[in-house]
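Accompanying notes for the structure given below.
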Amino acid sequence: LLWKYLWKVDQIAGIAAGPQPERLSNGDYLYIYNIDTGWPYHPNPLGRCSIGWAILDGADPTHIVARSERALIEPELPWETCSGGRFMVVFATGLKPIGNDQFYLIYGGADANVGITKIAVRVVEDIES
C-alpha cells in the first residue's frame, strides 16, 4: 500500500500511476504520480486531480526517501481548469530526462489539453557527522 505514504491520506481519494520512474544522478528514482482528490464529491482546493512526486531509494524502490507535502502541479491555468474551474484536472503522462537531474514533464489538463513543463531535482546527499 505504497500510495498511503505518498500523500496525506485525508486529502486524497486515490493515487494513480504517472509516468515511469526515472533514475537520478545519485541512483535514486524520481517518481511522479497523480492524485485523485475525489472533487467535486469532496471539495478540495487541489481540484479534481493534481500531480505529486516522491524520491524512491535506488537500492530498494519500496522505500520512500522524500515525498511532496504539496502538489507539484495543481490546476491553475485556464486550459487546466476548463476556463471556469469546472474540471480542475492535471495529470502526468510522460517524463523525459534532459540531463543534470532535469526533466520535461508532459501532462494533461482539463481532460482535453496537453502541456509540458521543465522540472529540476536538487539531489542532497546525507552528511553524517
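Scanning the range 1-54 for residues that are assigned to a loop (DSSP other than H, G, I, E, B) and among the aromatic types (Phe, Trp, Tyr), which turns out modelled with the lowest pLDDT?
The first filter runs over the range 1-54 and keeps only residues assigned to a loop (DSSP other than H, G, I, E, B), leaving 1-2, 7-8, 12-13, 18-21, 24-28, 37-48.
Right, trim to among the aromatic types (Phe, Trp, Tyr) and you get 7, 39, 41.
Numbers: 7: 49, 39: 60, 41: 56.
Result: 7.
Once the range 57-94 is narrowed to residues that are open to solvent by less than 10 Å² (accessible area, probe 1.4 Å) and of a type in the set (A, V, I, L, M), the residue that is modelled with the lowest pLDDT is 89. Could we say that residue 126 is at pLDDT 95 or above, farther than 16 Å from residue 16 by Cα and either open to solvent by less than 80 Å² (accessible area, probe 1.4 Å) or more than 12 Å from the chain's Cα centre (by Cα) (or both) here? The answer is no for residue 126.
The values are calculated or read from the model by the stated rules, or taken from the named source; none is laboratory data. Note that the structure is predicted; figures quoted are calculated from it, not measured. These accessible areas exclude ligands, DNA and RNA; they are computed on the full protein's heavy atoms, side chains included. Shrake-Rupley method; radii C 1.70, N 1.55, O 1.52, S 1.80 Å.
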